[in-house]
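Have a look at the structure below before the remarks.
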């Protein structure tokens, strides 16, 4: 479990530079393999970041976008879309140094508790090669559909006693 106190606050316009840096950190291994000049990588990541944000805004217009704080310092983001049928974990990202400390697991477990109380499902989509997929499986998510790139996963309170 996380050693230091974490909290959430709604994302604000001034979080944009942090959110871009966070996004870039999730792509660092991939972009390092390309051997592109730093300026080219930065330009590519800015385009991809803008495309992701636009896609999320169009697909999940009512989603709650939060910044994850550790001792008041931004370390990640959580994007959650709630509907009557399900809660969708649209995105959870942590800075590299904050991964593996139970922070993401604790936040996901909170969403699971919310689903249990409401009798709803928790859904997400994950890249098949994303290491977080193993975490989701450990937490009891099941693959319900997908393709060669992405798995659609779901957690249901009726299938688990958490």
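No value in this document is a laboratory result; all are computed from the given coordinates. Not measured: the values here are computed from a predicted model. Note that we place each Cβ from the backbone using ideal geometry, even for glycine, and neighbour counts take in every protein chain shown.
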**OP:** Would you mind calculating the gained length between residue 83 and residue 9 on full extension (0.36 nm times residue separation, minus the Cα-Cα distance), in nm to one decimal?
**Re:** 24.6 nm
Subject >> Principal axis dimensions, region 21-95 - Cα atoms, whole angstrom, descending >> reply: 46, 32, 15
Subject >> Likely footprinting exposure, 15, 147, fewest C-beta neighbours within 10 Å first >> reply: 147, 15
Original post:
Could you list log10 I(q)/I(0) for region 74-162 at q = 0.17, 0.19, 0.24 Å⁻¹, which the Debye formula gives when each Cα is one point scatterer?
Top reply: -0.69, -0.87, -1.34
Original post:
Between residue 148 and residue 39, what is the FRET efficiency for a Förster distance of 35 Å, r being their Cβ-Cβ separation, to the nearest 0.05?
Top reply: 0.65
Original post:
How many percent of Cα pairs in the chain exceed 23 Å?
Top reply: 41 percent
